[in-house]
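One structure below.
The values are calculated or read from the model by the stated rules, or taken from the named source; none is laboratory data. The shown structure was predicted, so the numbers you read here are calculated from the model rather than taken from an experiment. Don't worry about glycine lacking a Cβ; one is built from the backbone with ideal geometry, like all the others, and counts go over all protein chains shown. All accessible areas refer to the heavy atoms of the entire protein, side chains included, with ligands and DNA or RNA removed. Shrake-Rupley method; radii C 1.70, N 1.55, O 1.52, S 1.80 Å.
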Amino acid sequence: MSNSKVFLAATVVWTSWSFAGEHHHKREPTTQDSVAVNGWLDETNAAMEKMMAQMAVRHTGDVDRDFVAMMAPHHQGAIDMALVYLRFGKNEPLRRLAQEIIVTQGQEIVSMKRAVGDVPPPAAPLGAR
């Protein structure tokens, strides 16, 4: 199949998929919806602003430490936004994803900090002392 035929086919599929959802009837937003959306936006924006401010680090010349100094707040921002989503979001697959983000991004923060010596190693098992 030529590139133009592939492009045309992809365009038709995308267009029909895009417009398919427009025929569904949506309910009118309620005052409760507006309050939730405003709360969601306010809290998400606050988390984004905090993340961006914390990512603005003074570079030390140590690429490893600078990377961690920027990425740890980036990951924490993802955690903060996922927590906000859990307060307001209702979509179950997205709620599960938000929970996964909280766990995995937290683990990655610890791993990054440990890699540059900023986190003590995990405690030895009780029987090993």
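Quick notes on this structure:
- Some residue of region 51-61 being in contact (Cβ under 8 Å) with a residue 40 or more places away in the chain and charged (D, E, K, R): no
- The residue that is most open to solvent (accessible area, probe 1.4 Å), among those in region 81-99 that are among the charged types (D, E, K, R) and modelled with pLDDT of 95 or more, is ARG96.
- Among the residues of region 109-121, some residue qualifies, meaning at least one is touching a His at 6+ places or on another chain (Cβ under 7 Å) and surrounded by 15 or more Cβ atoms within 10 Å (Cβ to Cβ).
- Residue among ASP66, ASP80, ASP42, ASP62 that is under 12 Å from the mean Cα position of the chain (by Cα) and of a type in the set (Asp, Glu): ASP80
- Within region 83-104, the set of residues being in contact with a Leu (Cβ under 8 Å, 6 or more places away or on another chain) and among the aliphatic types (A, V, I, L, M) comprises ALA98, ILE102.
- With respect to (1) over 21 Å from ASP118 (Cα atoms); (2) touching a residue at least 24 places away in the same chain (Cβ under 8 Å); (3) open to solvent by 40 Å² or more (accessible area, probe 1.4 Å), the lone exception for ARG65 is condition (1).
- Taken together, the criteria exclude GLN76 from residues that are modelled with pLDDT under 90 and open to solvent by 40 Å² or more (accessible area, probe 1.4 Å).
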